[in-house]
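Asker: Submitted below is the structure of interest, expressed as structure tokens.
The values are calculated or read from the model by the stated rules, or taken from the named source; none is laboratory data. These numbers were taken from a predicted model, which means no experiment stands behind them. All Cβ positions, even for glycine, are placed from backbone atoms using ideal geometry, and neighbour counts span all protein chains on display. Protein only, heavy atoms only, side chains kept; ligands, DNA and RNA dropped before computing areas. Shrake-Rupley method; radii C 1.70, N 1.55, O 1.52, S 1.80 Å.
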Amino acid sequence: NNNNEDEDNDNNDDNNNNSESNNNDDNDDDNDNDDVNSLNFGIPTHEIGCVVDGGGCEIGVESTVLDLNFEGGPTILRPGGVTLEQLKEYLPNVKNYVPSNLRQKEQDNTIIDENEINKEFELNPSTPGLKYRHYSPNGEVILIKFQNNLDHMKTKITQEINSILNQNNYENNDNNDKEINTESPTIGIIHVHEEINDYICTLKSQNDNKIQVINLGSSNNPLLVAQGLFDSFRIFDSLNIKYIIVEGISEENIGSAVMNRAKKAASRII
């Protein structure tokens, strides 16, 4: 009997060990899933009971990052709600730092002054705003640089949109054997210059099912543009927009922060 009891106890121990091992494996799987699910917000998605909507942001872009020890004097590493113009009241020599990757996106044949690039700093930047690629929706973002002559901007935008639509038509003709949803919009426009509404009306009348427009207030009130920029990106993502045209604004005051984020999101700057 004692031998049988010992064997039973051994079997129970084995079963318990197997059970614990299985439980640990399950827990490991759960932890793996948690790691995957928590990449977006740092919280496992299945544990979120509700989302509290605090309403729109007062400014809409992240804080200003200012380095007082930067080589050459006080330097804004990331423009934000506290603007260059405001800081100049207290730090007359303060300047914006424009990283080389943003300079290289410019397509106006600007000659880059190597003396303005801090290569050592860019290899090991001290602020996340320069370390990683942020602010990018799924669609391709094409930023149209601001010009005082808005008619020139309008011409550039119209040419770019027509080029995209012609290219899409060409691709669709080459893929006749594939199912293509011709009704879904392919281009989103973030529109801020009410002075050139006419080109929007013309494009919509000619290609209504191909174009979606989000009006971000007025170029005379860049704070409204700052408040709505990221929201517009998310809306276009939800609509599976393939191309996003952003009308650029002046880089004065809060416009500097808006254009900084738009440039980071853009694959091309025209």
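Asker: So, in the range 157-193, of the ones that are within 20 Å of VAL246 (Cα to Cα) and open to solvent by 70 Å² or more (accessible area, probe 1.4 Å), which residue ends up modelled with the lowest pLDDT?
Answerer: The initial filter retains those residues of the range 157-193 that are within 20 Å of VAL246 (Cα to Cα), namely 157-168, 184-193.
Checking the rest, the ones that are also open to solvent by 70 Å² or more (accessible area, probe 1.4 Å) come to 159, 166-167.
Details: GLN159: 93, ASN166: 84, GLN167: 78.
Out of the qualifying residues, it is GLN167.
Asker: Only one of these conditions is not met by VAL258: (1) out of contact with any helix residue (DSSP H, G or I) (no Cβ under 6 Å at 6 or more places or on another chain); (2) closer than 23 Å to VAL65 by Cα; (3) not in a loop (DSSP other than H, G, I, E, B). Which number is it?
Answerer: Of (1) out of contact with any helix residue (DSSP H, G or I) (no Cβ under 6 Å at 6 or more places or on another chain); (2) closer than 23 Å to VAL65 by Cα; (3) not in a loop (DSSP other than H, G, I, E, B), only one is false for VAL258: (1).
Asker: Residues that are open to solvent by less than 40 Å² (accessible area, probe 1.4 Å), under 17 Å from LYS154 (Cβ atoms) and of a type in the set (A, V, I, L, M, F, W, C): does the range 235-248 have at least one? Walk me through how you get there before you give the answer.
Answerer: Residues of the range 235-248 open to solvent by less than 40 Å² (accessible area, probe 1.4 Å): 236-237, 241, 243-248.
With under 17 Å from LYS154 (Cβ atoms) added as a condition, the list becomes 245-248.
Those still in the list that are of a type in the set (A, V, I, L, M, F, W, C) too: 245-246.
Yes, the range 235-248 contains a residue that is open to solvent by less than 40 Å² (accessible area, probe 1.4 Å), under 17 Å from LYS154 (Cβ atoms) and of a type in the set (A, V, I, L, M, F, W, C).
Asker: Only one of (1) at pLDDT below 90; (2) under 20 Å from LYS264 (Cα atoms) is not met by TYR243, so which one is it?
Answerer: (1)
Asker: Please work out which residue is modelled with the lowest pLDDT, limiting yourself to the range 72-110 and to residues that are open to solvent by less than 50 Å² (accessible area, probe 1.4 Å), farther than 22 Å from LEU229 by Cα and not in a loop (DSSP other than H, G, I, E, B).
Answerer: SER100
Asker: Look at GLU58 and say whether it is surrounded by 15 or more Cβ atoms within 10 Å (Cβ to Cβ), acidic (Asp, Glu) and at pLDDT below 90.
Answerer: Details: surrounded by 15 or more Cβ atoms within 10 Å (Cβ to Cβ): no; acidic (Asp, Glu): yes; at pLDDT below 90: yes.
So GLU58 fails the test.
Asker: Within the range 59-69, how many residues are in contact (Cβ under 8 Å) with a residue 40 or more places away in the chain and under 19 Å from the mean Cα position of the chain (by Cα)? Reasoning before the result, please.
Answerer: Step one: of the range 59-69, the residues in contact (Cβ under 8 Å) with a residue 40 or more places away in the chain are 59-62, 64-65, 67.
Filter once more, so that each one left must be under 19 Å from the mean Cα position of the chain (by Cα): 59-62, 64-65.
So the count comes out to 6.
Asker: Let me ask something else. So, HIS134, is that one closer than 18 Å to ALA257 by Cα, at pLDDT 85 or above and either open to solvent by 30 Å² or more (accessible area, probe 1.4 Å) or not small (Gly, Ala, Ser) (or both) or not? Steps first, please.
Answerer: Working: closer than 18 Å to ALA257 by Cα: yes; at pLDDT 85 or above: no; either open to solvent by 30 Å² or more (accessible area, probe 1.4 Å) or not small (Gly, Ala, Ser) (or both): yes.
Criteria not met by HIS134.
Okay, residues lined up against (1) surrounded by 17 or more Cβ atoms within 10 Å (Cβ to Cβ); (2) not in a helix (DSSP H, G or I):
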residue	(1), (2)
ASP198	no, no
SER218	no, yes
ASP231	no, no
LYS263	yes, no
